[in-house]
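Visitor: This structure is in structure tokens; I'll ask about it shortly.
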Number of protein chains: 2
Amino acid sequence: MNAIRAPENPIVTPDMVLASRPDMEVVGVFNAGATRFGDDTVLLLRVSEAPRKLASGGISAAIYNADTRRIEIKRWMENTKGLDASDPRAVIVEGTTWLTSMSHLRVARSRDGIHFEVEGTPALSPSNQYEAFGIEDPRITLLDGTYWINYTAVSQHGITTALASTKDFRTFERHGVIFPPPNRDVTIFPEKIGGRYVALHRPMPEGLGKPSIWVASSPDLISWGNHRVVATARPGSWDDEKIGGGAVPFRVHSGNRDAWLAVYHGVTSSPAAYSLGALLLDLHDPGKVLARSREPILKPETAYEREGFYGNVVFTCGLVAEADIVRIYYGAADAVMAVADLSLAEILAGLSEP
Amino acid sequence: MNAIRAPENPIVTPDMVLASRPDMEVVGVFNAGATRFGDDTVLLLRVSEAPRKLASGGISAAIYNADTRRIEIKRWMENTKGLDASDPRAVIVEGTTWLTSMSHLRVARSRDGIHFEVEGTPALSPSNQYEAFGIEDPRITLLDGTYWINYTAVSQHGITTALASTKDFRTFERHGVIFPPPNRDVTIFPEKIGGRYVALHRPMPEGLGKPSIWVASSPDLISWGNHRVVATARPGSWDDEKIGGGAVPFRVHSGNRDAWLAVYHGVTSSPAAYSLGALLLDLHDPGKVLARSREPILKPETAYEREGFYGNVVFTCGLVAEADIVRIYYGAADAVMAVADLSLAEILAGLSEP
């Protein structure tokens, strides 16, 4: 599998993004949704910010307060009683968890799909109690002339998936939580199937079950039902630990039939690594897997993929497919955005019956 | 709070229920849905069965095999390598979890609401891959002339909520998984509100968040959206550990207004106990809590509530409310069915603003 990484990689980095507030700094820009819009490629970036360090030291967290409608910055001294900062992503104070960084979504535009200009202010910021810890990992689906954006909303109520929409990437409308916690990595198909909207989603069972890819359908994009398992982690394979949706599925011609291709992420348990693979799904029943990647189509290999905020990660929320070229935009090491061109024919050739 | 337990309690016990197969025995009958049907009170019992012990000993589990469409019994010797039977509810063999008992649903009928006749065969049994470990905890909602039954479907894919329906409690139609894992304790309101069906549900967040009561709405009972948090565990109170739906909400008149009363379960962390309380919900926006029980309306006190398969548990899936009498059917200690009559006026008097 030849993945041709752009020589310009990483194509978007934190130094290209203005902080949303003077007391915050951008620490990561990754896991962007992607779409064509007019003559441009648009990325909807996940921008991760942390409170600026103070000279006096200490540990800090940002949180959106739905009562005051403001982002508040909490700070503690390292020796605070009952404080646990052993996980760099979180700080636990007397049993309450806070995240050390908070994400919002930001638009970036490019004429060539490689060189992006990042807008100076957020497109979507945390704005209700389900988003108090931030909003993450958007996917963009063009349907009925509207761009539907689903994203992960994180708060002390758990990890949910919420929906927004736009026609112009300037004004956005919110449509609430569409998958209750714990659920993320939702990808909405770009066509109705059998008269209903369809999405892949990734519930995270507790106790029983492993994170797997499910399918659901909807009459209106708001309410979702008919939940079924599509694919699970494969013992002994590169995706043996857990799997979840990646980019929005797109229609392909394979063999003598049309089908859906869904690029997903799989996690290798040891050594831990997030890689990408593909599922070929039945055109009329996308809950049915026709074929699946034997080996990853993209895995962490370069320095910017192996080292960052969370190393050994390539993770996609969006791609642009044109003729044989599948241009995958992906977050690398939870820190920067990168892009690679793959051959659709090669992806299809690497599939086996499940 | 005066809860008048029936002198006949427990009203349904395992010895009143025929096993579904000769190689299984009934070990529990509890957590029944309840409704009026004609002149009868109908309970839809959760009947828990375990494989009969063999003289040669060993540990066993039952599972529905969706490929062969049969229930299979697995048996292991206690000294099997990689076997963990430290939790009596489960056996883990080389990382795979099996449950030591499997539940199905069974109809029981009564003219007086106290003395029940239990049907000889199951009404609903595990019958697909989401039900491989059993089906549990049904709730019954009469809507548009049909009895809608939601129940917990348990399998290695996780704990989900599925939907069935009946008009006569003789034939049943299945409608698939309506809430993906991990989600249980769903209660569907008996009227449309604002043109949509409404349900309380109980997602179980992983890592972030505690099990709480959420509300969702639906155009068709199949697809659910608009998820919002309704109520959470209260530190320092009798429901400090976690909460979830109980009986189907019913309409009451309180003060100068109509509202919904939802009897829910709350768990006390120490000592561990499942008790019942009530939420008064806004008639037009049942996601809004008007008032909540200061103290439990029913808590484990009698021998059959304190000792059983899982002690210190009273847990309701259904009640029958007529005038001032709220007749709560409840599972006691995950072993038997019991019933208690409460005064609606007393329940309402025990509520405080949240």
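Visitor: Compute the Kirkwood hydrodynamic radius of the range A:271-311, taking the inverse of the mean of 1/r over all pairs of distinct Cα atoms, and give it in Å to one decimal.
Guide: When all Cα pairs of the range A:271-311 are included, the Kirkwood radius is 12.2 Å.
Visitor: Next up: Anything losing 20 Å² or more of accessible area from the isolated chain to the full protein assembly: pick those residues out of the range B:160-193, probe 1.4 Å, ligands and DNA/RNA ignored.
Guide: B:177, B:180, B:181, B:182
Visitor: Next up: Give the percent of DSSP beta bridges with both residues in the protein assembly as shown that are antiparallel, rounded to the nearest 5.
Guide: Antiparallel: roughly 100 percent of the beta bridges in the protein assembly as shown.
Visitor: May I pose another question? Leaving out ligands and nucleic acids, and using a 1.4 Å probe, what accessible area per residue does the range A:267-354 come to in Å²?
Guide: 39 Å²
Visitor: Positive end of the charge dipole of the range A:1-147 (Lys, Arg +1 and Asp, Glu -1 on Cβ, about the Cα centre): tell me which of A:133, A:96, A:6 has its Cα farthest that way.
Guide: A:96
Visitor: Which of the trypsin sites (Lys or Arg not before Pro) found in the range B:109-197 are loop residues per DSSP with 13 or fewer other Cβ atoms within 10 Å of their Cβ?
Guide: B:111, B:167, B:170
Visitor: Counting other C-beta atoms within 10 Å, and keeping those with at most 14, which DSSP coil GluC sites (Glu not before Pro) do you find in the range A:12-79?
Guide: Taking the range A:12-79 and a limit of 14 other Cβ atoms within 10 Å, the loop GluC sites (Glu not before Pro) found are A:78.
Visitor: Now a separate question. How large is log10 I(q)/I(0) at q = 0.15, 0.19, 0.25 Å⁻¹ when the Debye formula is applied to the Cα atoms of the range A:228-294, each weighted equally and without solvent?
Guide: Debye output, listed in q order: -0.46, -0.70, -1.06.
Visitor: Turning to a different aspect of this structure: Restricting to DSSP loop positions (anything but H, G, I, E, B) with no more than 15 other Cβ atoms inside 10 Å of their own Cβ, which GluC sites (Glu not before Pro) remain in the range B:296-354?
Guide: Of the GluC sites (Glu not before Pro), the ones in loops of the range B:296-354 whose Cβ has at most 15 other Cβ atoms within 10 Å are B:301, B:307.
Visitor: Which one of A:158, A:120, A:226 has its Cα pushed farthest toward the positive end of the charge dipole of the range A:115-231, where Lys and Arg give +1 and Asp and Glu give -1 at the Cβ?
Guide: The one lying farthest along the dipole's positive direction is A:226.
Visitor: Amide H of residue B:27 versus every other amide H placed in the peptide plane: which residues, excluding those fewer than 5 positions away on the same chain, fall under 5 Å?
Guide: B:48, B:49, B:50
Visitor: Sequence gap at least 6, Cα distance under 8 Å: using those rules, report the relative contact order of the range B:158-242 to the nearest whole percent.
Guide: 19 percent
Visitor: Per residue of the range A:42-55, what does 6.51 cos²θ - 1.76 cosθ + 1.60 with θ = phi - 60° give for ³J(HN,Hα)? Whole Hz please, x for Gly and Pro, Karplus curve as stated.
Guide: 10, 10, 9, 7, 8, 9, 9, 10, 10, x, 4, 5, 9, 4
Visitor: Do any of A:192/B:167; A:167/B:192; A:53/A:74 go past 21 Å between their Cα atoms, and which?
Guide: Pairs exceeding 21 Å: A:192/B:167; A:167/B:192.
Visitor: Quick one: putting +1 on the C-beta of Lys and Arg, -1 on the C-beta of Asp and Glu, what dipole do you get for the range B:62-154 around its Cα centre, in Debye to the nearest 20?
Guide: With Lys and Arg at +1 and Asp and Glu at -1, about 180 debye.
Visitor: Could you please state how large a percent of the accessible area of the range A:235-354 is carbon and sulfur, counting protein chains only and using a 1.4 Å probe?
Guide: 49 percent
Visitor: Relative contact order of the range B:247-296: what whole-number percent is it, with Cα pairs under 8 angstrom and at least 6 residues apart?
Guide: It comes to 27 percent, rounded to a whole number.
Visitor: Let me ask another. Enter the accessible area per residue of the range B:122-237 (Å², integer; probe 1.4 Å; all protein chains in place).
Guide: Accessible area per residue, the range B:122-237: 29 Å².
Visitor: Which of the residues in the range A:212-230 show a loss of at least 10 Å² in accessible area from their chain by itself to the complete set of protein chains, at a probe of 1.4 Å?
Guide: Correct list: A:214, A:219, A:220, A:222, A:223, A:224, A:225, A:226, A:227, A:228, A:229.
Visitor: Answer with one residue from B:209, B:338, B:315: the one whose Cα lies farthest towards the positive end of the charge dipole of chain B, charges on Cβ with Lys, Arg +1 and Asp, Glu -1.
Guide: B:209
Visitor: Could you tally the net charge around residue B:54, taking each other residue with its Cβ under 11 Å from the Cβ of residue B:54, Lys/Arg +1 and Asp/Glu -1?
Guide: Around residue B:54, the surrounding residues sum to +2.
Visitor: A further question on this structure: Would you kindly derive the ³J(HN,Hα) couplings of the range A:317-326 from the backbone phi angles with the Karplus curve 6.51 cos²θ - 1.76 cosθ + 1.60 (θ = phi - 60°), listing them in order in whole Hz, with x for Gly and Pro?
Guide: 10, x, 9, 10, 10, 9, 6, 8, 8, 9
Visitor: I'd like the per residue volume of the convex hull spanned by the Cα atoms of the protein assembly as shown, given in cubic angstrom.
Guide: Here the figure is 172 Å³ per residue.
Visitor: With charges only on Cβ, +1 for K and R and -1 for D and E, what is the dipole size of the protein assembly as shown about its Cα centre, in debye, rounded to 20?
Guide: About 260 debye.
Visitor: Continuing with this model, one more query. Rounded to the nearest 100 Å², what's the accessible area chains A and B bury against each other, both chains counted, probe 1.4 Å?
Guide: Approximately 2800 Å², summed over both chains.
Visitor: For chain A, give the magnitude of the charge dipole about the Cα centre (Cβ charges: +1 Lys/Arg, -1 Asp/Glu; no others), in debye to the nearest 20.
Guide: Roughly 500 debye, rounded to the nearest 20.
Visitor: How big is the antiparallel share of DSSP beta bridges in the range A:86-211, given as a percent to the nearest 5?
Guide: Counting only bridges with both partners in the range A:86-211, antiparallel ones make up about 95 percent.
Visitor: If amide H atoms are built 1.01 Å from N in the plane of the peptide, which residues on other chains or at least 5 residues away come under 5 Å of the amide H of residue B:288?
Guide: Answer set, sorted by chain and number: B:282.
Visitor: Output the relative contact order of the range A:1-138, whole-number percent, from Cα pairs under 8 angstrom with separation of 6+ residues.
Guide: So the answer I get is 26 percent.
Visitor: Could I ask something else about it? Using a 10 Å cut-off around each Cβ of peptide B:312-323, what is the average number of partner chain Cβ atoms that fall inside?
Guide: Mean shielding by partner chains, rounded to a whole number: 0.
Visitor: Would you give the gap between the C-alpha center of the range B:197-229 and the C-alpha center of the range A:141-214, rounded to a whole Å?
Guide: 15 Å
Visitor: Continuing with the same structure: What number, rounded to the nearest 500 deg cm²/dmol, is the helix-based mean residue ellipticity at 222 nm of chain B, given -39500 (n - 2.57) per DSSP H run of at least four residues and division by all its residues?
Guide: -500 deg cm²/dmol
Visitor: Excluding ligands, DNA and RNA, what is the solvent-accessible area per residue of the range B:1-59 at a probe of 1.4 Å, expressed in Å²?
Guide: For the range B:1-59, the per-residue accessible area is 44 Å².
Visitor: Using Cα centres only, tell me the gap between the range A:311-340 and the range B:21-50 in whole Å.
Guide: 53 Å
Visitor: Right, another one. For the range A:58-134, give me the percentage of DSSP beta bridges that are antiparallel, rounded to the nearest 5 percent.
Guide: Of the beta bridges lying entirely in the range A:58-134, close to 95 percent run antiparallel.
Visitor: Here's a follow-up. For the range B:1-101, what % of the accessible area comes from carbon and sulfur atoms, probe 1.4 Å?
Guide: 49 percent
Visitor: Pull up all non-local amide H partners of residue B:59: gap of 5 or more, or a different chain, and H-to-H distance under 5 Å with H placed in the peptide plane.
Guide: Answer set, sorted by chain and number: B:76, B:77, B:78.
Visitor: Residue by residue through the range B:308-315, which ³J(HN,Hα) values in whole Hz follow from phi under the Karplus form 6.51 cos²θ - 1.76 cosθ + 1.60 (θ = phi - 60°), with glycine and proline marked x?
Guide: Going residue by residue, I get x, 5, 9, x, 6, 9, 10, 8 Hz, with x marking Gly and Pro.
Visitor: How much net charge surrounds residue A:14 when only other residues with a Cβ under 11 Å from its Cβ are counted (Lys, Arg +1; Asp, Glu -1)?
Guide: Taking every other residue near residue A:14 into account, the sum is -3.
The values are calculated or read from the model by the stated rules, or taken from the named source; none is laboratory data. Note that the coordinates shown come from a computational prediction; the quantities given were computed from them, not determined experimentally. Neighbour counts run over all protein chains shown; Cβ positions are idealised from the backbone, glycine included. Accessible surface areas use protein heavy atoms only, side chains included; no ligands, DNA or RNA. Shrake-Rupley method; radii C 1.70, N 1.55, O 1.52, S 1.80 Å.
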